[in-house]
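Enquirer: Pasting in a structure now, in structure tokens, and then I'll have a few things to ask.
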Amino acid sequence: MGTVHARSMDSYPMYGRDLGVNTDDMEMMEAVQETKQEVLENKNVVVQHVNIEGLGRTKEDYLGYEISDVFTARNLVEVMRKSHEARQRLLRLGIFKDVEVVIDISEGANALPNGLDVTFEVTELKRLTGSYNTMVGNNEGSMVLGIKLPNMIGRGEKLTFQFSYGTKETSYGLSFFKPQSGYYERNFTLNLYKVTGQFPWSSLKETDRGVSTELSFPLWMTDHTLRWEGVWRELGCLARSASFAVREESGHTLKSALSHTMVVDTRNSAILPRRGALLRINQELAGYTGGDASFLKEDVELQLNKPFIWGSVLSASLWGGMLFPLGRQPTSIADRFYLGGPTSVRGFGMYSIGPQSEGDYLGGEAYWAGGLHLYTPLPFRSNKGGLADLFRTHFFLNAGNLCNLNYGEGPRAHLQKLAECIRWSYGAGIILRLGNIARLELNYCFPMGVQSGDRICDGVQFGAGIRFL
């Protein structure tokens with residue numbers, strides 16, 4: 001529960017000449033001690049003062065929202081619980097290295113018999129901090145170096161420079177983060193970035209230089225993010241053997257897009273949940289604020305998890321999305337959906353389902369994918385705990401399709417097109433959970449419903465990432 005201290009009530013000296021206490025004063029001392037002891041045992045207390053010690057550049061009024069709830073406590077148990085919750089909120093701000101809580105009897109002329117003082121002893125982060133770590137994306141890894149200036153102006157602001165070098169992507173960027181006082185979940189972010197990525201399944205390389213702004217806020221049980229992005233995109237061929245369809249996509253484009261994301265997440269873990277559900281809906285509108293790209297993009301993700309027998313978990317996932325071109329200009333290869341690989345429809349090559357030209361996969365404007373999983377603990381475990389808890393065995397059934405639609409046709413024709421040529425696969429494997437960062441999968445797959453041009457991985461397939469079907 002963190003560190004919450006209560007000052008000892010029995011710290012009074014015993015009587016004696018050397019301790020400076022006369023025997024005539026003992027009755028008074030004992031009465032005072034009994035009175036102070038009753039404060040801890042009394043059900044009704046009053047928090048008179050809440051103090052914060054150790055502040056340097058942090059503005060005290062910024063922290064008032066985080067600790068004000070402590071004043072509402074009416075008994076000692078509530079004081080300790082609300083103090084712990086306030087401590088967690090202070091640490092969540094990302095501006096303190098450590099926070100200690102001390103609960104003591106109120107003293108002074110205005111002290112009440114049942115009054116308490118709560119003191120938060122904080123240690124601020126340094127003005128400049130650095131970090132080095134590794135990240136795991138969708139079947140790729142990267143090394144990340146970062147420099148942060150936390151709490152720049154004293155109200156939770158943060159300036160971050162980050163450089164990332166990965167197997168398929170290299171990026172660097174500068175971001176400024178500003179939370180709303182009293183509502184840390186409501187925050188504003190400004191980003192400047194450059195990203196260079198390689199996409200071998202499409203013989204494509206892409207360099208993005210852009211700026212984006214984000215406004216995040218909770219609303220009832222949902223979390224929302226409003227985003228504007230302006231990006232200058234440079235597309236080129238990764239190899240001389242790139243198809244003509246990829247070559248004609250090469251060149252410079254400018255995209256200006258507004259997007260909205262809504263998330264409802266009740267899962268107990270984002271990496272390998274045992275219970276709970278996830279709903280994520282994303283909409284992106286490009287072209288109305290300028291730029292060359294003009295489209296409306298919808299993307300939905302649903303996941304349900306339920307405990308089953310003998311410590312196993314049943315999980316069901318459903319993904320889907322559509323890309324509507326606005327105007328006469330076709331959609332870009334950089335904006336379309338891609339499907340297939342160890343993180344989506346297992347048993348197929350990375351993003352190797354759907355339209356392709358001369359072996360280069362071009363993506364599609366509509367897709368769906370679904371998965372059923374049975375996760376079980378490792379068999380023959382002697383007891384719970386230890387390294388074995390990081391592993392799971394799983395049995396899976398995946399299916400999906402990706403295609404282009406003729407938007408002049410009706411919804412029935414669209415559903416019929418998405419129901420044609422369904423790729424599916426089944427198999428089993430072992431999962432390793434890397435904390436709350438990522439997970440690794442080693443599966444044996446049986447791809448089915450293979451169409452001409454699909455690239456399959458029949459047999460053993462390795463996957464690493466955060467988001468899995």
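The values are calculated or read from the model by the stated rules, or taken from the named source; none is laboratory data. This structure is a prediction, so every number in the text was calculated from the model and none was measured. Note that each Cβ is placed from the backbone with ideal geometry, even for glycine, and that neighbours are counted across all protein chains shown. Accessible surface areas use protein heavy atoms only, side chains included; no ligands, DNA or RNA. Shrake-Rupley method; radii C 1.70, N 1.55, O 1.52, S 1.80 Å.
Enquirer: Can you tell me the 0 to 90 degree angle between the C-alpha axis of helix 26-41 and the longest principal axis of the chain, rounded to 10?
Expert: Helix 26-41 sits at roughly 20 degrees to that axis.
Enquirer: Give the label of the value calculated from the structure for Rg/Rh (Cα atoms, Kirkwood Rh), choosing from (i) 0.98; (ii) 1.10; (iii) 1.07.
Expert: (ii)
Enquirer: Per residue, how many Å² of accessible area does region 47-143 show with a 1.4 Å probe?
Expert: 51 Å²
Enquirer: Restrict the search to region 93-183; then list the GluC sites (Glu not before Pro) that DSSP places in a loop and that have at most 11 other Cβ atoms within 10 Å of their Cβ.
Expert: Those that pass, being in a loop and sparsely packed, are Glu107.
Enquirer: Could you tell me the relative contact order of region 120-276? Use alpha-carbon pairs under 8 Å, at least six residues apart, and round to a whole percent.
Expert: It comes to 13 percent, rounded to a whole number.
Enquirer: Holding the Cα-Cα limit at 29 Å, pick out from Lys158/Lys255; Lys148/Lys306; Lys168/Lys306; Lys59/Lys194 the pairs that are longer than that.
Expert: Correct reply: Lys148/Lys306; Lys168/Lys306; Lys59/Lys194.
Enquirer: Using only helices, what value at 222 nm comes out for the chain when you add -39,500 (n - 2.57) per DSSP H run of length 4 or more and divide by the total residues, to the nearest 500 deg cm²/dmol? Each step should come with its number before you reach the end.
Expert: Values: 5 runs with 54 residues, N = 469.
The helix contribution divided over the chain gives -3500 deg cm²/dmol.
Enquirer: Restricting to DSSP loop positions (anything but H, G, I, E, B) with no more than 11 other Cβ atoms inside 10 Å of their own Cβ, which GluC sites (Glu not before Pro) remain in region 182-288? Kindly include the intermediate steps, with their values, before the conclusion.
Expert: On the way: sites: Glu185, Glu206, Glu214, Glu229, Glu234, Glu248, Glu249, Glu284; in loops: Glu248, Glu249.
Sites meeting the loop and neighbour criteria: Glu248.
Enquirer: Helix 76-92 versus the longest principal axis of the chain: what is the Cα-based angle in degrees, 0 to 90, to the nearest 10?
Expert: Orientation of helix 76-92: about 40 degrees from the principal axis.
Enquirer: A follow-up question, please. Can you give the translational diffusion coefficient of region 205-342 in µm²/s, computed by Stokes-Einstein from the Kirkwood radius over Cα pairs at 20 °C and 1.002 mPa s?
Expert: It diffuses with D of about 122 µm²/s by this estimate.
Enquirer: Ok, one more. Taking a probe of 1.4 Å, how large is the accessible area per residue of region 299-411, in Å²?
Expert: 45 Å²
Enquirer: What percent does the relative contact order of the chain come to when contacts are Cα pairs within less than 8 Å and at least six residues apart?
Expert: 9 percent
Enquirer: Once the piece of chain linking Phe462 and Trp232 is laid out straight, how much longer is it, given 0.36 nm per residue of separation minus the C-alpha distance between them? All intermediate terms of the calculation are to be shown ahead of the outcome.
Expert: Numbers: separation 230, 0.36 × 230 = 82.80 nm, distance 3.41 nm.
So the extension gain works out to 79.4 nm.
Enquirer: At 7 Å along Cα-to-Cβ for each site, give me the label-to-label distance between Arg209 and Thr225 in nm.
Expert: 2.5 nm
Enquirer: Can you grab the distance from the C-alpha centre of region 187-206 to the C-alpha centre of region 400-457, Å, no decimals?
Expert: First find each Cα centre; the distance between them is then 24 Å.
Enquirer: Over all Cα pairs of region 370-469, how is the pair count split among 10 Å bins, expressed in % and running from 0 up to the last occupied bin?
Expert: Result returned by the calculation: 13, 36, 27, 16, 7, 2, 0.
Enquirer: Hey, quick one: spin label on Ile437, modelled 7 Å out along Cα-Cβ, who in region 117-150 has an amide N within reach, i.e. under 12 Å?
Expert: 132-137, 141-144
Enquirer: P(r) for region 56-151, please, calculated from all Cα pair distances in 10 Å bins and given in %.
Expert: Histogram of Cα-Cα distances, whole percents per bin: 13, 34, 26, 16, 8, 3, 0.
Enquirer: If you don't mind, there's one more thing I want to ask. Which trypsin sites (Lys or Arg not before Pro) does region 76-135 hold that lie in a coil by DSSP with at most 15 other beta carbons within 10 Å?
Expert: Answer in residue order: Lys126, Arg127.
Enquirer: What does the extension gain come out to for His252 and Leu415, with contour length at 0.36 nm per residue minus their alpha carbon separation?
Expert: Length gained between His252 and Leu415: 55.2 nm.
Enquirer: Could you check how much of the accessible area of the chain is carbon and sulfur, as a whole percent, using a 1.4 Å probe?
Expert: Solvent-exposed carbon and sulfur of the chain make up 58 percent of the total.
Enquirer: What distance in nm lies between label points placed 7 Å from Cα along the C-beta direction at Glu60 and Ser216?
Expert: About 3.1 nm, to one decimal.
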